[in-house]
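J.: First the structure, which I've put down as structure tokens, then a few questions once you've had a look.
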Amino acid sequence: MMPSEQPKEIFLKDYLPLDFKIDSVDLTFELNASETLVTNRMKFVRQSESTLLKLDGEHLELLSVEKDGKELKPSDYQLSAHALVLNCPEESFELVVRTKVDPESNTRLEGLYRSSGNYCTQCEAEGFRNITYYLDRPDCLSYFTTKIIAYPHENKVLLSNGNLVEFGDLEDGRHFATWEDPHKKPCYLFALVAGNLEVVEDHFETKDGRRVDLRLYVQAKNLDKCDHAMASLKKSMKWDEDRFGLIYDLDVYMIVAVDDFNMGAMENKGLNVFNSKFVLAKPETATDVDFEGIESVIAHEYFHNWTGNRVTCRDWFQLTLKEGLTVFRDQEFTADMLSPAVKRIEDVKRLRSVQFPEDAGPMSHPIQPQSYIEMNNFYTMTVYEKGAEVVRLYQTLLGKDGFRKGMVLYFNRFDGQAVTVEDFRNAMADANQRDLSQMHQWYIQSGTPKVTISKHYDSESKTLSLTFDQTVNGKHHHPLLIPVVFNVLSADSSQQGKELLFSVDEADKVRCYPADAGWLFEFSELSETLVLHNIEQDGYLSLFRGFSAPVLVDYECTKDELVALACYDSDSFVRWESIQTLALENLVDNVEVAGNGLPMHLSDAYVKALEANLLDESLDLALKSLAITLPDESYLLETLSNKGLLIDTDSVVAVYDYMKKSIAESFESVLRALYEKMGQPEVYHYGKEAIASRMLKNRCLNYLAKLHEQEELVYRQFSLQSNMTDVFAALDAMKPYNTNQKEASLADFYNQWQTDDLVLDKWFMLQASDQSDKAVEQVKRLVEHPDFHYTNPNRVRSVLGVFGRLNMRGFHHVSGEGYEFLASEVLKLDKINPQVAARIVAPFTQWKLYDMKRQTMMKAQLERLMNSSQLSKDVFEIVSKSLNK
Ligand code: TRP
Ligand code: ZN
């Protein structure tokens with residue numbers, strides 16, 4: 001990219017309120033695959049001295065502009081590739097802008113586009129400007145009316161936001177529908193859908209006795225896959241009433257499933273558009289993970305109706321205001337629907353494997369970013385998941401009731417407005433009469449904080465002194481308010497897990513007090529010492545119970561202490577965390593010896609903890625499964641890099657192979673017995689216990705699959721074809737095999753599911769993540785496959801996303817072929833869909849983690865991308881930041 005055309009960076013500090021507001025927008029769409037006409041009638045009111053009106057618009061053909069009934073001449077305005085600028089000295093006026101767009105060739109999937117022959121829109125973050133000229137920013141709230149005109153044979157269904165107010169036939173053979181949204185909204189919440197879709201209907205009665213019609217629009221072939229999504233929607237509506245008193249505010253709630261979608265789903269007012277992946281499921285085609293994903297994404301989008309739509313963001317720097325909060329809400333929902341302990345651990349796993357590395361890399365940003373080049377790049381794990389952790393901090397500090405009071409005040413104050421993260425914090429503070437200003441630091445501090453803890457026991461005075469220190473990236477910054485939920489457990493083996501009694505000084509009671517899951521210490525300075533009195537012994541520390549803050553913890557403790565916590569801490573998170581730490585220490589040791597060609601080992605401490613968890617009959621099955629699962633590769637990488645070690649991916653692959661096989665050998669009979677005990681599959685049922693038992697069974701299968709004598713078990717499970725969870729687990733367990741039977745199984749699977757895109761994605765995924773020595777060849781074959789389409793983001797993510805993220809052996813092959821391949825694919829994809837290309841390029845951002853040889857090759861590919869002409873803003877931002885340019 002030439003420096004002169006370098007995209008410009010937008011800064012939070014430059015925010016200015018609107019000079020004009022738009023009271024109402026009246027849109028008319030005349031749908032046509034390649035030439036859709038959009039007529040946009042807007043009523044403006046000027047709000048400042050400035051008379052210059054700059055409307056955003058991109059990829060548009062301008063047909064005409066009319067002001068107060070008079071057509072303007074081209075000399076009356078300025079038109080560029082990004083804007084339409086007019087001088088408007090009037091106090092108030094009406095503009096009618098007519099534009100033409102081309103949905104058919106819109107492969108960016110932003111604005112109005114076609115998917116499987118149907119029309120749909122995606123406007124967040126800045127897609128509305130691809131439909132018409134507008135003040136495309138979230139603080140511009142307006143009333144929308146939308147008229148859709150189209151031929152009925154191709155477009156039986158015509159949908160937009162709000163209520164249907166008129167429909168009928170036109171003389172020219174077309175028909176129309178007019179929708180009116182009674183709630184003011186920013187244009188990013190606008191949606192239009194049209195096509196020949198089928199509908200599944202149900203209804204929900206609100207707690208104030210209103211009937212809400214629920215409609216799920218899907219392609220005819222998918223009508224049998226809607227039950228779970230509909231049930232999830234009803235559960236979400238009920239839960240939000242019960243937990244937060246929030247009631248739905250329109251008479252109809254519509255969800256549309258589309259096959260081509262850049263993200264998971266979109267919360268458009270009254271008309272959510274979903275990636276099919278998060279709607280369609282039946283036991284034969286979807287795994288437990290898919291079912292859970294649907295339940296939580298349906299909930300997430302539904303919850304946005306209050307946190308995002310009724311109260312929206314002032315500008316895109318406030319994105320975490322709606323996303324962090326809504327993710328927190330969907331996490332709490334899933335916890336209540338399934339298992340709180342399991343949900344918490346799964347969320348922490350994801351945070352550590354994906355968000356921690358992001359926050360340690362070149363794209364690191366605070367949950368409230370201070371600048372961006374392409375907003376779409378900031379829909380990140382940091383804004384979403386770390387953002388949710390920060391919202392959780394309020395609940396931890398204020399309690400569930402205090403948090404709910406804060407939410408009530410937030411809605412009372414800001415309903416119908418576009419606000420900031422400070423507004424949210426102030427509502428929480430004021431509702432609880434508490435100064436929470438220190439929480440601001442969590443919004444502006446990037447990087448994962450590290451808390452270092454040491455303890456000293458004095459048997460004379462019977463005091464236990466705990467010293468806490470906080471840093472970010474090795475430095476002291478402004479201190480963060482970090483809630484540390486903890487307990488001290490007896491170190492006597494006869495009193496396993498018993499909580500020790502102690503007291504704190506009167507003066508300490510404001511910063512250290514009993515809470516739900518233990519004691520809560522509000523750690524708010526760079527360094528603090530807390531003294532616990534009247535404590536009988538130097539006990540074991542159970543720290544950050546429930547993962548009470550999104551931090552790294554550095555606490556040197558003995559293996560005995562870890563094993564004890566791993567075997568019987570009553571806090572499920574700390575128990576799991578302790579066994580993970582033992583596994584991680586074992587993995588790290590092995591990576592070091594493997595690098596020196598020395599023999600690896602399975603540590604005694606880890607074996608002891610594994611054994612105790614495997615044999616503990618009282619342990620929840622899902623927690624047992626999580627306990628015996630090794631930490632993700634990416635979390636190991638993160639740990640190695642925190643120790644300053646550069647990664648040789650071949651050693652890491654070898655270490656995992658060794659560890660899995662050794663665990664399987666050491667516990668073969670226990671694993672086999674557990675596998676049998678989890679039972680033969682009966683009818684699929686979606687529920688906490690059933691999910692847990694499949695999870696444990698398939699974890700056992702995955703280990704057993706490493707043993708030659710147990711291969712039959714894997715083939716048998718595959719051939720039973722009971723449900724997709726079990727079938728997929730069997731295929732996944734077969735992945736390392738080099739047998740005809742494996743090839744035959746994959747072929748069977750393909751033949752059976754060839755016409756089901758979501759299942760076919762799994763077939764692609766399995767092969768793209770297959771870490772064979774021919775991994776690069778294999779992935780190259782996959783993109784040549786007739787069922788691979790660059791225009792379908794799910795397919796692209798299943799192959800290229802999976803290869804870059806999960807195929808260590810292929811992507812990081814020492815030949816550099818994996819790097820070269822993925823970079824070439826990014827270039828191809830960037831021309832088709834920049835948003836998706838920017839996600840696929842992400843694995844390159846981590847180049848500094850790897851050994852020098854790999855670093856050099858990865859960097860060379862980044863340079864190659866950087867030097868290619870016509871890079872999108874999306875990819876440009878990520879590549880240039882990775883190269884620190
Ligand atoms: N707001 C959506 C959510 O629920 C995110 C989203 C959907 C999105 N589609 C998008 C963001 C396209 C950017 C671009 O989280
Ligand atoms: Zn969201």
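The values are calculated or read from the model by the stated rules, or taken from the named source; none is laboratory data. Worth saying up front: this structure is predicted, and the values here are computed from it rather than measured. Neighbour counts are summed over all protein chains in view; Cβ atoms, including those assigned to glycine, are modelled from backbone coordinates with ideal geometry. All accessible areas refer to the heavy atoms of the entire protein, side chains included, with ligands and DNA or RNA removed. Shrake-Rupley method; radii C 1.70, N 1.55, O 1.52, S 1.80 Å.
J.: Kindly list, by first and then second residue, each pair from a residue in the range 627-653 that is under 19 Å from residue 610 (Cα atoms) to a residue that is at pLDDT 95 or above and part of a loop (DSSP other than H, G, I, E, B), limited to pairs with Cβ atoms under 9 Å and residues at least 6 apart or on different chains.
T.: What qualifies is 627/616; 627/619; 628/667; 636/630.
J.: Going by what's in this entry, would residue 398 be described as aliphatic (A, V, I, L, M) and open to solvent by 20 Å² or more (accessible area, probe 1.4 Å)?
T.: Details: aliphatic (A, V, I, L, M): yes; open to solvent by 20 Å² or more (accessible area, probe 1.4 Å): yes.
Considered against the rule, which asks whether it is aliphatic (A, V, I, L, M) and open to solvent by 20 Å² or more (accessible area, probe 1.4 Å), residue 398 comes out as yes.
J.: Considering only residues that are away from ligand 2 (no atom under 14 Å from the Cβ) and either in contact with an Asp or Glu (Cβ under 8 Å, 6 or more places away or on another chain) or at pLDDT below 95 (or both), which ones fall in the range 256-297?
T.: 259, 270, 276, 277, 281, 282, 285 - these are the residues of the range 256-297 that are away from ligand 2 (no atom under 14 Å from the Cβ) and either in contact with an Asp or Glu (Cβ under 8 Å, 6 or more places away or on another chain) or at pLDDT below 95 (or both).
J.: Would you say residue 389 is more than 15 Å from ligand 1 (Cβ to nearest atom), open to solvent by 10 Å² or more (accessible area, probe 1.4 Å), modelled with pLDDT of 95 or more and out of contact with any strand residue (DSSP E or B) (no Cβ under 8 Å at 6 or more places or on another chain)? Steps first, answer last, please.
T.: On the way: more than 15 Å from ligand 1 (Cβ to nearest atom): yes; open to solvent by 10 Å² or more (accessible area, probe 1.4 Å): no; modelled with pLDDT of 95 or more: yes; out of contact with any strand residue (DSSP E or B) (no Cβ under 8 Å at 6 or more places or on another chain): yes.
Taking the combined requirement at face value, the residue does not satisfy it.
J.: Among what's in the range 722-754 and is without any contact (Cβ under 8 Å) to a residue 40 or more places away in the chain and polar (S, T, N, Q), pick the residue that is surrounded by the most Cβ atoms within 10 Å (Cβ to Cβ).
T.: 745
J.: Identify the single condition in (1) out of contact with any His (no Cβ under 6 Å at 6 or more places or on another chain); (2) open to solvent by less than 60 Å² (accessible area, probe 1.4 Å) that residue 114 does not satisfy, given that it satisfies every other one.
T.: (2)
J.: Now, a different point. Does the range 122-140 contain any residue that is under 24 Å from residue 318 (Cα atoms), among the aromatic types (Phe, Trp, Tyr) and assigned to a loop (DSSP other than H, G, I, E, B)?
T.: Checking the range 122-140: at least one residue is under 24 Å from residue 318 (Cα atoms), among the aromatic types (Phe, Trp, Tyr) and assigned to a loop (DSSP other than H, G, I, E, B).
J.: Take residue 108 and tell me if it is open to solvent by 40 Å² or more (accessible area, probe 1.4 Å), under 21 Å from residue 188 (Cβ atoms) and part of a strand (DSSP E or B). Break it down stepwise before answering.
T.: On the way: open to solvent by 40 Å² or more (accessible area, probe 1.4 Å): yes; under 21 Å from residue 188 (Cβ atoms): yes; part of a strand (DSSP E or B): no.
The answer is no for residue 108.
J.: Being among the charged types (D, E, K, R), closer than 28 Å to residue 177 by Cβ and out of contact with any Pro (no Cβ under 6 Å at 6 or more places or on another chain) is true for just one of 56, 68. Which residue is that?
T.: On the way: 68 fails: closer than 28 Å to residue 177 by Cβ.
Being among the charged types (D, E, K, R), closer than 28 Å to residue 177 by Cβ and out of contact with any Pro (no Cβ under 6 Å at 6 or more places or on another chain) holds for just one of 56, 68, which is 56.
J.: With respect to residue 583, is the statement that it is in a helix (DSSP H, G or I) and within 30 Å of residue 847 (Cβ to Cβ) true?
T.: yes
J.: Among the residues of the range 348-375, write down those that are in a helix (DSSP H, G or I), out of contact with any Gly (no Cβ under 8 Å at 6 or more places or on another chain) and open to solvent by 10 Å² or more (accessible area, probe 1.4 Å). Steps first, answer last, please.
T.: First pass over the range 348-375, keeping only residues in a helix (DSSP H, G or I): 348-360, 375.
Next cut, out of contact with any Gly (no Cβ under 8 Å at 6 or more places or on another chain) only: 348-358, 375.
Residues satisfying the conditions are 349, 350, 352, 353, 354, 357, 358.
J.: Continuing with the same structure: Here are 90, 94: which of them is touching a residue at least 24 places away in the same chain (Cβ under 8 Å), in a strand (DSSP E or B) and surrounded by fewer than 18 Cβ atoms within 10 Å (Cβ to Cβ)? I'd like the intermediate steps shown before the answer.
T.: Values: 90 fails: in a strand (DSSP E or B).
Checking each option against the conditions leaves just 94.
J.: Next up: Could you check the range 298-341 and list, in sequence order, the residues that are in a strand (DSSP E or B) and either within 13 Å of ligand 2 (Cβ to nearest atom) or surrounded by fewer than 22 Cβ atoms within 10 Å (Cβ to Cβ) (or both)? Break it down into steps so the answer makes sense when it comes.
T.: Applying the first criterion (in a strand (DSSP E or B)) to the range 298-341 yields 307, 311-313.
Once the filter is applied, which keeps residues that are in a strand (DSSP E or B) and either within 13 Å of ligand 2 (Cβ to nearest atom) or surrounded by fewer than 22 Cβ atoms within 10 Å (Cβ to Cβ) (or both), the range 298-341 yields 307, 312, 313.
J.: Shifting gears a bit: Select from the range 11-64 the residues that are open to solvent by less than 30 Å² (accessible area, probe 1.4 Å) and among the acidic types (Asp, Glu) and list them in ascending order.
T.: Answer for the range 11-64, where residues must be open to solvent by less than 30 Å² (accessible area, probe 1.4 Å) and among the acidic types (Asp, Glu): just 56.
J.: If you check residue 488 against the conditions, is it over 30 Å from residue 443 (Cα atoms), crowded, with 18+ Cβ neighbours inside 10 Å and modelled with pLDDT of 95 or more? Even if it seems obvious, please write down each step before you answer.
T.: Values: over 30 Å from residue 443 (Cα atoms): yes; crowded, with 18+ Cβ neighbours inside 10 Å: yes; modelled with pLDDT of 95 or more: yes.
Yes; evaluated as a whole, the condition is true for this residue.
J.: Is it the case that residue 257 is without any contact (Cβ under 8 Å) to a residue 40 or more places away in the chain, surrounded by 15 or more Cβ atoms within 10 Å (Cβ to Cβ), within 30 Å of residue 837 (Cβ to Cβ) and not polar (S, T, N, Q)? Give the steps one after another, and end with the answer.
T.: Details: without any contact (Cβ under 8 Å) to a residue 40 or more places away in the chain: no; surrounded by 15 or more Cβ atoms within 10 Å (Cβ to Cβ): yes; within 30 Å of residue 837 (Cβ to Cβ): yes; not polar (S, T, N, Q): yes.
Criteria not met by residue 257.
J.: Among the residues of the range 65-87, which ones are surrounded by fewer than 12 Cβ atoms within 10 Å (Cβ to Cβ) and touching a Phe, Trp or Tyr at 6+ places or on another chain (Cβ under 6 Å)?
T.: If the condition is that a residue be surrounded by fewer than 12 Cβ atoms within 10 Å (Cβ to Cβ) and touching a Phe, Trp or Tyr at 6+ places or on another chain (Cβ under 6 Å), then 68 is the only one that fits.
J.: Kindly list the number of the only condition in (1) at pLDDT 95 or above; (2) part of a helix (DSSP H, G or I); (3) surrounded by 18 or more Cβ atoms within 10 Å (Cβ to Cβ) that fails for residue 706.
T.: (2)
J.: Which one of the conditions (1) more than 16 Å from ligand 2 (Cβ to nearest atom); (2) open to solvent by 10 Å² or more (accessible area, probe 1.4 Å) does residue 121 fail to meet, given that it meets all the rest?
T.: Among (1) more than 16 Å from ligand 2 (Cβ to nearest atom); (2) open to solvent by 10 Å² or more (accessible area, probe 1.4 Å), the lone unmet condition for residue 121 is (2).
J.: So is residue 685 within 24 Å of residue 558 (Cβ to Cβ) and open to solvent by 20 Å² or more (accessible area, probe 1.4 Å) or not? Lay out the reasoning, then the answer.
T.: On the way: within 24 Å of residue 558 (Cβ to Cβ): no; open to solvent by 20 Å² or more (accessible area, probe 1.4 Å): yes.
For residue 685, the condition - within 24 Å of residue 558 (Cβ to Cβ) and open to solvent by 20 Å² or more (accessible area, probe 1.4 Å) - is not met.
J.: List the pairs whose first member sits in the range 459-475 and is surrounded by fewer than 17 Cβ atoms within 10 Å (Cβ to Cβ), whose second member is of a type in the set (D, E, K, R), and whose Cβ atoms are under 9 Å apart, counting only residues at least 6 apart or on separate chains?
T.: Taking only residues 6 or more apart or on different chains, the pairs are 459/538; 462/536; 465/455; 465/458; 467/455; 467/528; 473/450; 474/450.
J.: Would you confirm, using the coordinates I've provided, whether residue 719 is within 17 Å of residue 802 (Cα to Cα) and open to solvent by 10 Å² or more (accessible area, probe 1.4 Å)? Quick ask: steps written out before the conclusion?
T.: Values: within 17 Å of residue 802 (Cα to Cα): no; open to solvent by 10 Å² or more (accessible area, probe 1.4 Å): yes.
In short, no.
J.: When you go through 418, 427 one by one, which is the residue that is free of Cβ contacts under 8 Å to residues at least 60 places away in the same chain and among the aliphatic types (A, V, I, L, M)? Before the answer, list the steps.
T.: Working: 418 fails: free of Cβ contacts under 8 Å to residues at least 60 places away in the same chain.
Exactly one residue qualifies, and that residue is 427.
J.: Can you tell me which residue in the range 218-235 is surrounded by the fewest Cβ atoms within 10 Å (Cβ to Cβ), limited to those that are in contact with a helix residue (DSSP H, G or I) (Cβ under 7 Å, 6 or more places away or on another chain) and over 21 Å from residue 181 (Cβ atoms)? Steps first, please.
T.: Taking the range 218-235 and keeping what is in contact with a helix residue (DSSP H, G or I) (Cβ under 7 Å, 6 or more places away or on another chain), we get 228-229, 232-233, 235.
Keeping just the survivors that are over 21 Å from residue 181 (Cβ atoms) gives 228-229, 232, 235.
Working: 228: 20, 229: 24, 232: 25, 235: 17.
Step by step, filter the range 218-235, then rank; the result is 235.
J.: Something else about it: Considering (1) basic (Lys, Arg); (2) part of a loop (DSSP other than H, G, I, E, B); (3) buried (at least 16 other Cβ atoms within 10 Å of the Cβ), say which one residue 8 fails and leave the rest.
T.: The single condition residue 8 does not satisfy is (3).
J.: Please specify each residue of the range 303-320 satisfying the condition of being in contact with a Ser or Thr (Cβ under 7 Å, 6 or more places away or on another chain) and either away from ligand 1 (no atom under 11 Å from the Cβ) or among the β-branched types (Val, Ile, Thr) (or both). Lay out the reasoning, then the answer.
T.: So the first thing to find is which residues in the range 303-320 are in contact with a Ser or Thr (Cβ under 7 Å, 6 or more places away or on another chain), and the list is 303-304, 307-308, 314, 318.
Across the range 303-320, the qualifying residues are 307, 314, 318.
J.: From the list 675, 684, 703, 750, which residue is under 30 Å from residue 260 (Cβ atoms), touching a helix residue (DSSP H, G or I) at 6+ places or on another chain (Cβ under 6 Å) and hydroxyl-bearing (Ser, Thr, Tyr)?
T.: Details: 675 fails: under 30 Å from residue 260 (Cβ atoms); 684 fails: touching a helix residue (DSSP H, G or I) at 6+ places or on another chain (Cβ under 6 Å); 703 fails: under 30 Å from residue 260 (Cβ atoms).
Result: 750 is the single residue among 675, 684, 703, 750 that is under 30 Å from residue 260 (Cβ atoms), touching a helix residue (DSSP H, G or I) at 6+ places or on another chain (Cβ under 6 Å) and hydroxyl-bearing (Ser, Thr, Tyr).
J.: What residue, of 446, 454, is assigned to a loop (DSSP other than H, G, I, E, B), at pLDDT 95 or above and hydroxyl-bearing (Ser, Thr, Tyr)? Walk me through it before giving the result.
T.: Numbers: 454 fails: assigned to a loop (DSSP other than H, G, I, E, B).
Only one candidate passes the filter, namely 446.
J.: Another one. Would you mind listing the strands (runs of 3 or more DSSP E) fully within the range 179-281 where at least 1 residues are among the acidic types (Asp, Glu)? I'd like the intermediate steps shown before the answer.
T.: Numbers: elements: 192-195, 198-205, 211-218, 252-258, 271-275.
Because the criterion is at least 1 residues that are among the acidic types (Asp, Glu), the strands (runs of 3 or more DSSP E) in the range 179-281 that meet it are 198-205, 211-218.
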